1. Could you rank Met33, Met262 by how accessible they are, 1.4 Å probe, largest area first?
2. Can you put Phe207, Phe6 in order of accessible area, largest first, using a 1.4 Å probe?
3. Let me spell out the model: positive unit charges on the Cβ of Lys and Arg, negative unit charges on the Cβ of Asp and Glu, origin at the Cα centre of the chain. What dipole size does that give, in debye rounded to 20?
4. Please list Trp109, Trp263, Trp137 in order of solvent-accessible area, largest first, computed with a 1.4 Å probe with all protein chains present.
5. Once the whole set of protein chains is in place, how much accessible area is left on Glu227, using a 1.4 Å probe, in Å² to the nearest 10?
6. Run the accessible area of the chain with a 1.4 Å probe and give the carbon-and-sulfur part as a rounded percent.
7. If you compute Kirkwood radius over Cα pairs in Å for the structure shown, which of (1) 20.6; (2) 22.2; (3) 19.6 do you land on?
8. Rounded to the nearest 500, what is the 222 nm mean residue ellipticity of the chain from helices alone, with -39500 (n - 2.57) per DSSP H run of 4+ residues and division by all residues?
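The values are calculated or read from the model by the stated rules, or taken from the named source; none is laboratory data. Everything quoted here is computed from the prediction, not taken from an experiment. Neighbour counts are summed over all protein chains in view; Cβ atoms, including those assigned to glycine, are modelled from backbone coordinates with ideal geometry. Calculation scope for accessible area: heavy atoms of the full protein, side chains included, ligands and nucleic acids excluded. Shrake-Rupley method; radii C 1.70, N 1.55, O 1.52, S 1.80 Å.
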Amino acid sequence: MTENPFTGRTAVITGAGAGIGAALATELAARGMSLVLADIDVAGVRRTAAELRTKGVRALGVGVDVSDPDSVAALAEAGYAEFGSVELLCNNAGVLLFGGVAESSLGDWRWLSSVNIEGTLNCLHAFLPRMRAASGWRYVMNTSSTHAFLPDTANSALYSATKHAVLALTLGLRSELAAEGIGVTLLCPGQAATRILDSQRNRPQNFGRRAPEPYGTGQIPMAIEPEAVAYAAADGILRESPLVFALPEETRETFRSQVEQMWRLADDALGDRAETRIATGG
């Protein structure tokens with residue numbers, strides 16, 4: 001696609017109070033979009049929206065808990081009331097914690113999955129019906145992670161499991177919506193300079209005790225800037241790419257070898273089974 005589909009249209013971005021979501025808001029605003037910004041951090045998302053409005057961008061900042069279907073439904077009502085339509089849905093909100101599977105609590109899993117998986121589904125259920133009823137250019141971008149492709153997820157298995165789920169949901173959705181002319185892209189950042197290590201600052205008490213944070217709560221070292229991730233995301237949407245990876249240049253070859261290792265594991269397993277069938281006559 002050579003034309004700019006963003007100009008004059010409206011995007012919804014969750015997790016827009018800071019980090020990749022805020023950078024994506026700035027990137028899409030520069031490309032001519034109006035914005036509905038959502039985050040559980042009410043002060044942060046309102047600040048992001050206010051900063052964009054000073055630059056002449058139409059931007060609405062809304063406090064939203066994506067794990068709550070009613071909260072997301074209210075976001076949809078507010079967005080359509082303000083702008084009349086939504087053409088781009090960016091399901092970007094996500095949380096992270098580290099820890100072994102055996103040591104993690106059920107509350108840890110429920111918190112991660114309620115935001116990373118159910119949050120994505122809640123937004124799809126709230127916005128897709130009206131997007132499908134419309135015509136013209138429409139698009140969905142879901143944020144997963146490079147963790148969805150790693151062969152060894154020690155200390156991040158629960159988080160990686162949620163990002164595997166987002167991968168599967170997105171690829172399935174892309175197939176389902178293709179006939180309706182709605183594009184779908186999966187964004188997979190890795191090692192971005194955000195506050196994701198401090199995700200538990202917004203962890204609701206109903207998910208139990210705060211888990212230990214073995215790597216601290218600062219920014220990830222040797223990280224790609226959120227602005228670079230946002231640019232790659234917008235470019236991927238323009239190219240209608242199924243997958244967009246955004247990670248530091250110096251880690252790309254390491255990640256590529258990890259992905260290749262994942263597929264070697266599958267290939268070796270399939271080969272072993274084939275050899276077993278031949279040996280046993282099965």
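1. Met262, Met33
2. Accessible-area ranking of Phe207, Phe6, largest first: Phe207, Phe6.
3. So the magnitude is around 520 debye.
4. So, going from the largest accessible area down, we get Trp263, Trp109, Trp137.
5. Approximately 110 Å² of Glu227 is accessible to the 1.4 Å probe.
6. 53 percent
7. Here the calculated entry is (3).
8. -15000 deg cm²/dmol
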